[in-house]
2 protein chains.
Amino acid sequence: MNNLELIKEISITSPEKIVLLVIDGLGGLPDPKTGKTELETARIPNLDALAARGICGLSDPIAPGITPGSGPGHLALFGYDPISCNIGRGVLEAVGIDIELKPGDVAARGNFCTVNEKGIITDRRAGRISNEKCAELCQLLDGTSIDGVDIKVYPVREHRFVAVFHGDNLIANVTESDPSQTGVAPLKITALSPEAGRLADIANRFAAKAKALLSSHHPANMILLRGFAGKPSFLTMQEIYKLNPLAIAVYPMYRGLARLVGMKVARTGDTLEGEFATLKENYKNYDFFFLHVKWTDTAGEDSDFARKVKVLEQIDAALPILTGLEPDVLVITGDHSTPAIFGGHSWHPVPVLICSKYCRTDSVKKFSEPAFLAGGLGRISATQIMPLAMANARKLTKFGA
Amino acid sequence: MNNLELIKEISITSPEKIVLLVIDGLGGLPDPKTGKTELETARIPNLDALAARGICGLSDPIAPGITPGSGPGHLALFGYDPISCNIGRGVLEAVGIDIELKPGDVAARGNFCTVNEKGIITDRRAGRISNEKCAELCQLLDGTSIDGVDIKVYPVREHRFVAVFHGDNLIANVTESDPSQTGVAPLKITALSPEAGRLADIANRFAAKAKALLSSHHPANMILLRGFAGKPSFLTMQEIYKLNPLAIAVYPMYRGLARLVGMKVARTGDTLEGEFATLKENYKNYDFFFLHVKWTDTAGEDSDFARKVKVLEQIDAALPILTGLEPDVLVITGDHSTPAIFGGHSWHPVPVLICSKYCRTDSVKKFSEPAFLAGGLGRISATQIMPLAMANARKLTKFGA
């Protein structure tokens, strides 16, 4: 029995409400000039007060040293083993533009590319055509039907699109047509296992059809497909935790990830305040809320220490809207660290705070990486956060008699 | 997917250099008279300064309570699961005398013993013959060839030797001929699975031939064989980490362990200073260095607290040669604890320090077991040290998108 099966067996519904606030890229590294991390630099009295009330610690999203992408980082926060529950690239790309996949669907990432009269690739990105051109060409390819499989084509940005194959018996275990280099023809897509033969055949026929449809659209006169992936069939959060969960996120990627584990997705605005307002509006109707704040990560990715500090202060200022709802269990953490001095996602453990009537508080008074080192949670795996949240919400019964 | 497979998938080469300094038997226990461990007693200003700069913690070589031998202790440090990647006794004995095994080779530990005229063992150690006698008798047996299998015989010490069987289809799944008692005849070696029949047959014929060759060499007139083991086929560190690794070690056992995971082995002297000089000479040509210092363990095994303290001070004094090279990532740890008051390897967690630009330092200022308890690494498994070193050297890409 793995951990989720155990939780599924002992989870129960209860009136208690859980709010999981994910501050994307929350953890940081000290600014060499001051020796202080973004969290230590920011004035965040509300977060500090929560640290004093709650139990604190640090969590590894995947394992020590492993830097997670957004997919594995969030799956771990939702309690899923992020290694065995990996999400394919095509699905992640689809999810990132808010496409709702159905069971059995296969998604692939696509590029418009340029081929010469001999069919040899001369530009894998078709000169980075405009978003408008991309949308126009996607419309040309969209709705193709081959042997009972409907193929939907969605623009992403510039030369990039997503193709979704919808039909029976589509197994995504196929190779890519993108040779990752110019000077050669697109590769034939082949099945890596016998049952994937149907998808390989349809994908090749789709590529041929695209070539014909695009012939007069130089430089975007061919397509390349890669990252074929079927919609994963995870147990939903309803099944595992018996929760009625709602996701609130400005960016489509996070709404999509939440949908993959069964969450309902709220309509919300483009701002932090909008997200908190959405939480308040929906608070009565759900018992679990995943609230995702993106801008800390963006600032970290941009190596903008000061902006990351400012976003943290904005979050802190908005927090009373959330705490005013008095959730029975409040979890504040991130999906990974994005230290501004590192300029990208990193492997560093992420601060995690759990506030509840039963959390067994510790002596931590500051919301920061060094302060959380001494926290009562110690250093945990991110997959352990959901069981702890559930327990604090009295939503887990005893294991064994 | 296990952890090494994950690392293999996301590892990349980078110009950054990693130095892994293994101080054998590093961890200790307090001297009851002073209440201080060997590390707390030693004056080690350079190690203390590194503790202040780096991130510190304690690691379990295998699992809490498990005392490792040198083999599992080092495999764990190299990132291999020391339980599933166990090295057979024969191989460890061969490795311990610097024998380079080839794929398919099987090694066994051997004893010269005494049998009476009825073939009954009267002394399992042949009166502990001299090293010289052992070497002479090994020469007598060495180079035997049976059914296409060449058998090399290497002296170890006193009555002990190593036999290496080299040929096709040798599967080491066989019983031993050593009955572990006197008053009985050597046991017939039998196959524990059908495919091991060939090795069992050849080993029995080798024992019979040895009996004939040794008949006039009483008391060493027979051999006993045990610990048959094939050369393990681990993924190499080159394959997993894409590193170009060099091992520097005075004692053959550690050079051998490094070879088993694919490291190149440097020629070095017999002293600590010699080892550091070898590191300096080879620094340009590799990106990973395993530097092994033995004498802390020897002192601990000898229950010599003061000598272990002195060796720690010697290491500390030599450290500037290493730190002067400014490795991007410096890891200092041990393969296990060998507390002098315990007089042997122990299960106690081992201090571990990682220094790098991105290590996220903690408040630890002293290099010692109690100080490291508050370190930012917390308590980790020894197998997590390599992923952390790789991450700090920016040699691991993101897992998942």
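Suppose we filter A:G65, A:G35 for residues that are in contact with a strand residue (DSSP E or B) (Cβ under 7 Å, 6 or more places away or on another chain) and at positive phi; which single one remains?
On the way: A:G35 fails: in contact with a strand residue (DSSP E or B) (Cβ under 7 Å, 6 or more places away or on another chain).
Within the list A:G65, A:G35, the selection yields A:G65.
Among what's in the stretch A:52-69 and is open to solvent by less than 10 Å² (accessible area, probe 1.4 Å), among the small types (G, A, S) and under 26 Å from the mean Cα position of the chain (by Cα), pick the residue that is farthest from the other protein chains (Cβ to nearest Cβ). The qualifying residue farthest from the other protein chains (Cβ to nearest Cβ) is A:S59. Of all residues in the stretch B:219-239, those that are part of a helix (DSSP H, G or I) have Cβ atoms under 7 Å from Cβ atoms of residues that are basic (K, R), 6 or more apart or on another chain, in B:E239/B:K8.
Does B:D316 meet the test of being in contact with an Asp or Glu (Cβ under 6 Å, 6 or more places away or on another chain) and of a type in the set (D, E, K, R)? So B:D316 does not fit the description; no.
Would you point out which residue out of A:E326, A:E313, A:E281 is surrounded by fewer than 23 Cβ atoms within 10 Å (Cβ to Cβ), on the phi > 0 side of the Ramachandran plot and not aliphatic (A, V, I, L, M)? Let's see the steps before the verdict.
Working: A:E313 fails: on the phi > 0 side of the Ramachandran plot; A:E281 fails: on the phi > 0 side of the Ramachandran plot.
Checking each option against the conditions leaves just A:E326.
Filter the stretch B:1-60 down to the residues that are β-branched (V, I, T) and in contact (Cβ under 8 Å) with a residue 12 or more places away in the chain and list them by number. Within the stretch B:1-60, B:I7, B:I10, B:I12, B:T13, B:I18, B:V19, B:V22, B:I23, B:T37, B:T41, B:I44, B:I55 qualify.
Within the stretch A:249-262, is even one residue part of a strand (DSSP E or B) and free of Cβ contacts under 8 Å to residues at least 60 places away in the same chain? Yes, the conditions are met somewhere in the stretch A:249-262. Taking the criterion of being surrounded by 16 or more Cβ atoms within 10 Å (Cβ to Cβ) and either on the phi > 0 side of the Ramachandran plot or out of contact with any helix residue (DSSP H, G or I) (no Cβ under 7 Å at 6 or more places or on another chain) (or both), the residues of the stretch B:177-196 that qualify are B:D178, B:L187, B:A196.
Within the stretch A:101-142, the set of residues being closer than 21 Å to A:P179 by Cβ and open to solvent by 20 Å² or more (accessible area, probe 1.4 Å) comprises A:R109, A:N116, A:E117, A:K118, A:I120, A:T122, A:D123, A:R124, A:R125, A:G127, A:R128.
The single residue among B:G96, B:G104 that is touching a residue at least 24 places away in the same chain (Cβ under 8 Å), under 18 Å from B:H345 (Cα atoms) and out of contact with any strand residue (DSSP E or B) (no Cβ under 6 Å at 6 or more places or on another chain) turns out to be B:G96.
Condition first: more than 18 Å from A:S14 (Cα to Cα) and either more than 14 Å from every other protein chain (Cβ to nearest Cβ) or open to solvent by less than 10 Å² (accessible area, probe 1.4 Å) (or both). Now tell me which residues in the stretch A:329-343 satisfy that. Spell out the reasoning first.
Filtering the stretch A:329-343 for residues more than 18 Å from A:S14 (Cα to Cα) gives A:332-343.
Selection gives A:I332, A:T333, A:G334, A:D335, A:H336, A:S337, A:T338, A:P339, A:A340.
Taking the stretch A:363-374 as the search range and keeping residues that are among the small types (G, A, S) and either within 11 Å of chain B (Cβ to nearest Cβ) or part of a helix (DSSP H, G or I) (or both), which one is least open to solvent (accessible area, probe 1.4 Å)? If you could, list the steps in order and put the result at the bottom.
Initially, the stretch A:363-374 is screened for residues among the small types (G, A, S), giving A:363, A:368, A:371, A:374.
Checking which are either within 11 Å of chain B (Cβ to nearest Cβ) or part of a helix (DSSP H, G or I) (or both) leaves us with A:371, A:374.
On the way: A:A371: 27, A:A374: 73 Å².
Filtering the stretch A:363-374 for residues that are among the small types (G, A, S) and either within 11 Å of chain B (Cβ to nearest Cβ) or part of a helix (DSSP H, G or I) (or both), the one least open to solvent (accessible area, probe 1.4 Å) comes out as A:A371.
Checked against (1) assigned to a loop (DSSP other than H, G, I, E, B); (2) over 30 Å from B:L170 (Cα atoms), B:L101 passes all but condition (2).
Scanning the stretch A:344-362 for residues that are hydroxyl-bearing (S, T, Y), touching a residue at least 40 places away in the same chain (Cβ under 8 Å) and away from chain B (no Cβ under 13 Å) yields A:S356, A:T361. Scanning the stretch A:70-90 for residues that are more than 11 Å from the chain's Cα centre (by Cα), outside any loop (DSSP other than H, G, I, E, B) and more than 7 Å from every other protein chain (Cβ to nearest Cβ) yields a single hit, A:G90. The C-beta contact set for the stretch B:164-176 (first residue within 17 Å of B:T144 (Cβ to Cβ), second residue among the small types (G, A, S), distance under 6 angstrom, 6+ apart or interchain) comprises B:V164/B:A107; B:G167/B:G148. Residues in the stretch A:77-95 include none that are modelled with pLDDT of 95 or more, more than 30 Å from B:A382 (Cα to Cα) and of a type in the set (D, E, K, R). Tallying residues that are aliphatic (A, V, I, L, M), at the interface with chain A (Cβ under 8 Å from one of its Cβ atoms) and assigned to a loop (DSSP other than H, G, I, E, B) within the stretch B:378-401 yields 1.
The values are calculated or read from the model by the stated rules, or taken from the named source; none is laboratory data. In this text the structure is predicted, and so the values were computed from the model without any measurement. When we count neighbours, we look across all protein chains shown, and the Cβ atoms used for this are built from the backbone with ideal geometry, even at glycine. These accessible areas exclude ligands, DNA and RNA; they are computed on the full protein's heavy atoms, side chains included. Shrake-Rupley method; radii C 1.70, N 1.55, O 1.52, S 1.80 Å.
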